[in-house]
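The values are calculated or read from the model by the stated rules, or taken from the named source; none is laboratory data. This is a predicted model, so every value here is computed, not measured. With ideal geometry, Cβ positions are generated from the backbone for all residues, glycine too; neighbour counts draw on all protein chains shown.
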Amino acid sequence: MSQAGQTFLTKELRLRILSAIVMIAVTLIVTWVGDFSFRMLCAGIGAAVFYEWLKMAKAHSTAPERQLSGLLMATAGIIVLMAPGGALSFVMVGALAVLALFAAPMLGSTRWNAVGLAYASLAALSLALLRGGEVEGLKTVVFVFVVVWATDIMAYFVGRTFGGPKLAPAISPGKTWSGALGGTVFALVFGMFAAFMMETRLPVGALLVLIVALSVASQAGDLFESWLKRRFQVKDSSKLIPGHGGVMDRVDGLVAASLLLYVIGAVLADPDRPALAFF
């Protein structure tokens with residue numbers, strides 16, 4: 001590789017690392033503060049994901065489509081900010097997605113906006129409801145962050161180091177089975193450590209199964225976004241984050257993992273306080 005190419009890669013890597021440090025620091029601080037601040041962060045993530053989805057799908061090219069998208073985004077954001085209760089919140093978002101589904105043909109639009117609204121809103125709601133206002137919610141959100149980040153980071157480095165058979169070459173040619181397995185193994189190590197440090201109420205066997213399920217869900221969410229980008233023929237969901245592409249590129253795994261964790265917590269404990277199932 002030429003000197004210029006090496007310099008570019010070094011600058012790109014530095015930019016990615018700096019952006020990652022800033023994002024992690026801000027996310028953890030807001031997570032610690034919790035309450036309305038954290039719900040604002042969740043609503044902002046949901047809005048950014050919905051915007052990027054529509055941009056990729058080219059589902060907001062006309063004025064009526066943009067107006068509808070803005071109205072849907074604002075309404076979903078209000079639901080996330082208010083978080084009126086687990087079951088009620090999801091019913092409200094579901095009704096909003098159905099409205100978008102039926103409104104699309106009248107505007108000559110695509111139904112992708114309804115799917116994108118559900119995807120973005122479920123991600124934002126799951127995180128907001130997992131956090132709640134109790135210390136158990138703080139521990140639960142930190143736990144899912146640790147599992148997802150360990151999976152994402154270590155899958156990349158293990159895959160680059162060992163290579164081997166591709167995981168899903170038609171969807172994401174860069175991902176390997178070694179990376180997927182390595183990401184899950186490290187997710188187990190860091191996830192178990194974080195859970196026990198925060199005094200989880202889950203037995204060891206259940207915790208092992210939960211971490212593996214969250215790691216697999218995280219990687220499935222990553223593959224789903226890769227499929228979307230191939231479907232719409234784009235490289236990144238956007239360029240909102242320097243060195244990282246779009247918000248969807250950073251939260252695709254978190255979307256799937258947080259939704260799965262919320263569903264498990266809602267079933268085992270309470271739809272309004274799902275974190276009580278884990279801590």
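Here are some notes:
- Qualifying residues in the range 100-146 (those that are among the polar types (S, T, N, Q) and at pLDDT 80 or above) - the one farthest from Ala74 (Cα to Cα): Thr140
- Test: Ala195 is in contact with a Leu (Cβ under 7 Å, 6 or more places away or on another chain) and assigned by TED's automatic domain parsing to the domain that holds Leu228: yes
- Checked against the criterion of being in contact with a strand residue (DSSP E or B) (Cβ under 7 Å, 6 or more places away or on another chain), not in a strand (DSSP E or B) and not assigned by TED's automatic domain parsing to the domain that holds Ala57, the range 219-231 has at least one qualifying residue.
- Residues (outside any loop (DSSP other than H, G, I, E, B) and among the basic types (Lys, Arg)) located in the range 169-204: Lys175
- Residue in the range 205-212 that is surrounded by 20 or more Cβ atoms within 10 Å (Cβ to Cβ), more than 23 Å from Ser89 (Cα to Cα) and either modelled with pLDDT under 90 or in contact with a Gly (Cβ under 6 Å, 6 or more places away or on another chain) (or both) present: yes
- Within the range 214-227, considering residues that are crowded, with 22+ Cβ neighbours inside 10 Å and of a type in the set (A, V, I, L, M), the one farthest from Val255 (Cα to Cα): Leu214
- Options Val49, Val30, Val26: the member that is closer than 24 Å to Tyr119 by Cβ, loosely packed, with under 12 Cβ neighbours inside 10 Å and either of a type in the set (S, T, N, Q) or modelled with pLDDT of 75 or more (or both): Val26
- Residue list for the range 112-131, restricted to those being more than 15 Å from the chain's Cα centre (by Cα) and surrounded by 24 or more Cβ atoms within 10 Å (Cβ to Cβ): Asn113
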